[in-house]
Amino acid sequence: MSCFCTTYGLKAQCNIVDSFSENFDTYNAPESIVPNCWERLVLNGASQIISSTQPASGSSQIYQTGYGSGKISIVIMPRISNISAGTHQFRFKAKANSGGGFLEFGYITDPDDASTFVVLQPITILNSSYDASSERTFTVPITVPDGARLAIRNPGTSFAGHYWDDAVWEPIPNLGTDDIITPDPKIYPNPFHDVLHISDIKNINSVTLHDATGRVIRTVGKPENQLPVGDLKTGVYFLTLYYKDGSTKSSQIIRK
């Protein structure tokens, strides 16, 4: 079912839905900021609007930019009834200018309080146009609290302009008879020192390592089970696995 309501901001008139598909084309750039039944938080001079700059489809898309550290914007999606059911996935397409960008996919428990945003997966964006790498798919753990709302945050760690389009909350496709659910690869040790181990790489197409600000510091195509990382400085990093089916998974790792 789709989300129907009258005017942005009248939250009581927005139905709780079990799926949605939004390409933002019924909203005018730049007068609109988010669709009806969506919300947003903008902090410290950040910018967020509906943009018409070469969207993935149709005429419009979401635009978020931070102009540097601390200028944060959060786009909050409609209220959904099944956020923690484990039956649905979120899918969208993203691009960024200025040499790449960094967003975060997660959820927020209070749409009036930016501090209640919780990161589920960091999103490093290297493409500056909508291409084969622009579509991302995320699953949501069943531990997410009922009543929380999906959200995309620009944490203000880069000067890039971030664009995203074709946002869909949809049932996870049924597995065919040839599809087997396998456990996620284990990344260990964590904290690490000189070498990271990835327990199972047969379904992984590539690996990207980026620092805490979202800056990509290494990309490995056709990775092996051992990833040499002894040259990294002490600190927090994110390792993103790109699967052959187009999905991704990111993990926080620590260099000791």
7 Å from Cα along Cα→Cβ at both D18 and N44: what's the point-to-point distance in nm? 4.1 nm
Mean Cβ neighbour count within 10 Å, used as a protection proxy, ranking 115-121, 164-170 highest first: 164-170, 115-121
For segment 187-255, just list the percent of Cα-Cα distances falling in each 5 Å bin from zero outward, please. 4, 17, 32, 28, 14, 4, 0
Assuming a viscosity of 0.890 mPa s and a temperature of 25 °C, what translational diffusion coefficient in µm² per second does Stokes-Einstein assign to segment 11-171, Rh being the Kirkwood radius over Cα pairs? 158 µm²/s
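Can you classify segment 107-181 as rounded, prolate or oblate using the Cα gyration tensor, where a ≥ b ≥ c are the square roots of its eigenvalues, rounded means a/c under 1.5, and otherwise it's prolate if a/b beats b/c and oblate if not?
Oblate.
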Expected sort for 150-161, 190-201 on mean C-beta neighbours within 10 Å, highest first, is 150-161, 190-201
Which links in K93/K222; K222/K249; K186/K244; K71/K233; K202/K244 stretch past 19 Å when you go from one Cα to the other? K93/K222; K71/K233
Provide the FRET efficiency to the nearest 0.05 for the T143-Y188 pair, computing r from the beta carbons and using R0 = 25 Å. 0.70
Expected vector for segment 146-163, Karplus 3J(HN,Hα) from phi with 6.51, -1.76, 1.60 and θ = phi - 60°, integer Hz, x for Gly and Pro, equals 4, x, 5, 10, 4, 7, 10, 10, 8, x, x, 9, 9, 8, 5, x, 10, 10
Could you work out how far apart the two model spin labels at K233 and V119 are, taking each label as a point 7 Å from the Cα in the direction of the beta carbon, and quote it in nm? 1.8 nm
Quickly rank 54-66, 206-218 as a protection proxy: mean count of other C-beta atoms within 10 Å, highest first. 54-66, 206-218
For the residue pair N174 and Q252, what label-to-label distance in nm results when each label sits 7 Å from Cα along the Cα-to-beta-carbon direction? 3.9 nm
Assuming 0.36 nm per residue, please report the length gained on full extension of the stretch K244 to D200 beyond their Cα-Cα distance. 14.5 nm
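Coordinate-derived values only; no laboratory data. It should be emphasised that the depicted structure is a prediction, and the values quoted were computed from it without experimental measurement. Cβ: placed from backbone, ideal geometry, glycine included. Neighbour counts: every protein chain shown.
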